[in-house]
Structure formats: structure tokens, C-alpha cells
Amino acid sequence: MEVLRRGGLVGLPTETVYGLAADAENELAVRRIFAVKGRPSTHPLIVHLANVDAVRTWVARLPPEAEALAAAFWPGPLTLVLPRSTRASDTVTGGQGTVAVRVPAHPVAQSVLAAFGGGLAAPSANRFGRVSPTRAEHVVADLGGDVDLVLDGGPSRVGVESTIVDLSGPAPALLRPGGVTREALEKVLGGPLPNRATNDVRAPGMLPSHYAPRAGLVLANRSEAAGLAAELLSAGRRVAVCAPEGLATPPGAVHLAVPEDVPGLARSLYQLLRSVDAAQVDVAVVVVPEEAGLGLAVLDRLRRAAAPRGPG
């Protein structure tokens with residue numbers, strides 16, 4: 001706890017990905033998160049808290065929908081965007097009138113939060129826009145000496161970031177798919193959970209290009225992956241095919257196996273993207289899951305990873 005109390009940065013395991021944690025009420029420590037990640041200061045951070053009672057001190061109110069979702073999914077991979085209380089600073093919220101809050105389920109994160117007694121701002125522990133870390137060694141490889149302490153909690157159980165639901169407006173809306181499926185949320189809410197159609201509320205992981213390896217990505221269904229890989233090979237590109245075992249891979253392409261089941265794919269997704277770069281290819285053809293259940297979150301991350309990238 002001493003590292004956090006003195007304004008240090010800690011690589012914190014959660015069930016989704018590893019976070020770069022700092023005292024959410026220490027402005028200098030939070031600003032250091034932005035500096036280390038290279039993250040724009042207008043992007044809000046998620047405040048991680050030990051339980052729903054701790055959440056109440058960071059928000060102006062908990063509407064009935066928030067109470068229901070908290071009871072169903074906390075601790076767990078769900079972030080709620082709510083009107084902020086005075087405890088949430090502009091540094092954490094990106095100057096918005098809302099704050100993003102979550103109660104993580106990982107036992108190490110829970111132990112740290114209980115001992116710390118406050119909120120921890122903790123975006124993913126990687127350089128901004130790059131592949132999220134799901135193991136302690138990923139944090140060390142990405143951030144090196146820029147992080148003061150890395151806690152090893154083993155591989156992340158979920159493997160993709162939390163679902164973000166906006167409850168600050170007149171009706172709930174989905175800002176980012178993640179570890180809790182839309183279908184499960186809709187069952188608790190008793191109605192549809194639409195995507196938010198405007199950009200009035202900024203949230204983590206919403207940029208068109210994000211979660212990206214250095215190599216390019218091409219997304220494909222099972223029937224077209226081999227053909228696309230062959231075309232890329234004929235154009236002189238170094239190619240990997242990320243697909244389940246048994247799917248044909250053209251000669252000359254590197255085959256990177258992915259699990260058949262969607263939860264397994266989610267758990268291994270960011271390790272897979274790191275393996276693409278380790279294979280030293282120009283482009284990877286990735287077989288995508290169906291856009292349902294946890295597949296919605298996996299496909300969202302892959303689309304952002306494959307999107308055109310800005311400078312740097």
C-alpha cells in the first residue's frame with residue numbers, strides 16, 4: 001500500500017486485464033498514469049472500488065438500474081457511468097459530469113482495494129492504443145521501469161475489458177461491450193440495451209483504432225480466411241493466419257491457433273495479438289466469432305485493432 005499512498009503506479013491484476021493503478025484522489029499520481037501511457041488527458045479513467053458502498057461515495061446517486069446491475073454483476077467485469085459526486089475530480093473524469101466506476105472480482109485487486117481503503121484509477125497497463133496486458137510479464141515488457149510495482153495475479157480470467165453501461169441519461173445505453181454480455185444485462189434490466197448513438201459521454205476504449213498490434217490485421221470468416229491469406233502471400237506480404245486447428249492454411253503462412261470456443265478466444269485474444277508481432281509478419285488474417293454473447297466484445301476489439309491508425 002505504501003507505493004500507492006506515496007503516489008506510485010502499480011500493475012494490478014483484474015479478471016479482465018491488468019490495470020495501471022494509482023490513487024484516484026492524488027492528482028499528480030493520476031497525471032502520471034496519462035504520461036506513462038501516452039494517453040490524452042481528456043480521456044476518462046475507470047475508478048475501481050472495493051464494493052458498492054464505496055461506489056456510493058463517488059457518484060451523485062445510484063438509480064434503480066444501477067442497483068440492479070450492481071447486485072447481479074459486482075464484483076465483476078462491468079463498469080457503470082453515473083453522475084459524479086464531488087469526490088471524483090476532473091483529472092479522473094476528463095472534465096465530464098460523469099464518473100466510470102467498477103468493482104473488480106480478482107482476489108488480488110479485491111485485497112488491494114480493501115487494504116487501500118479508497119478508489120484506484122486503473123486503465124489497462126500498456127502504452128495508449130496498444131495491446132492490453134493479460135499477464136504480469138506483459139506489463140513489465142510494455143512499461144518497464146515506468147511502473148513502480150507489478151503484482152502477479154496470474155493470467156486474466158476474462159481477457160477482455162469490462163462492459164461499460166451509461167446510466168447517466170434518461171435510459172441505459174451500451175458504451176463498450178465487454179466481459180458481461182448484452183444479453184445478460186438486458187435480462188436484468190428487463191428491456192433492450194441499445195448502443196449509445198452520440199458522443200456526449202466519453203468512455204475508455206472508444207477510439208476507432210485501439211488494442212492494436214504493430215502488424216496489420218484483416219478480419220475474415222472461416223470460409224474466406226485461407227483465400228485472403230493466399231492473396232496477401234502472392235502480393236509479397238509476410239502473413240499469419242489466426243484460426244482454430246484444422247482450418248486450412250496456405251503454404252508460406254504462419255498458423256497461430258485460436259480456441260474454438262468464444263470464452264477461450266476472449267481469454268487468449270491479447271496474447272494472440274502479441275504472438276502476431278512475435279511472428280514478425282506484416283499482416284494477420286484473423287477468423288472472427290459470431291457477433292453475439294461474448295463474441296460481441298471480441299469482435300469489437302478486433303475491429304478496433306484492425307482499424308486504420310493515426311500517426312505513431
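None of the figures in this text is laboratory data; all of them are computed from the coordinates on show. In this text the structure is predicted, and so the values were computed from the model without any measurement. Don't worry about glycine lacking a Cβ; one is built from the backbone with ideal geometry, like all the others, and counts go over all protein chains shown.
Among 275-285, 185-195, 45-55, 250-260, the peptide with the highest mean count of other Cβ atoms within 10 Å heads the list, and the full ranking is 45-55, 275-285, 250-260, 185-195. Sequence-ordered 3J(HN,Hα) estimates for region 170-180 from the Karplus curve with 6.51, -1.76 and 1.60 and θ = phi - 60° stand at x, 8, x, 9, 8, 9, 8, x, x, x, 9 Hz, glycine and proline given as x.
The length gained by stretching the chain between VAL188 and GLU27 to full extension, at 0.36 nm per residue less their Cα-Cα distance, is 54.4 nm.
Which of the following values of mean projected area of the Cα convex hull in nm² was calculated from the structure shown: (1) 17.7; (2) 15.4; (3) 16.7? Here the calculated entry is (2).
So if I take the centroid of the Cα atoms in region 53-103 and the same for region 207-246, what is the distance between those two points in Å? First find each Cα centre; the distance between them is then 38 Å. Considering only GLY169, PHE116, LEU149, and ranking their Cα positions along the charge dipole of region 2-189 that arises from unit charges at the beta-carbon of Lys, Arg, Asp and Glu, the one farthest toward the positive end is GLY169.
Normalised by the number of residues in the chain, the average gap of Cα pairs under 8 Å and 6 or more apart makes the relative contact order 20 percent. Which residue, chosen from ALA306, GLY227, PRO250, occupies the Cα position most advanced towards the positive end of the dipole of region 216-306, where the dipole is computed from +1 (Lys, Arg) and -1 (Asp, Glu) charges on Cβ about the Cα centre? Most positive-ward Cα: ALA306.
What you get for the chain, charging only the Cβ of Lys and Arg (+1) and of Asp and Glu (-1), is a dipole of about 600 debye around the Cα centre. Amide H to amide H distances under 5 Å link GLY94 with LEU45, where only residues 5 or more positions off or on other chains count and H is placed in the peptide plane.
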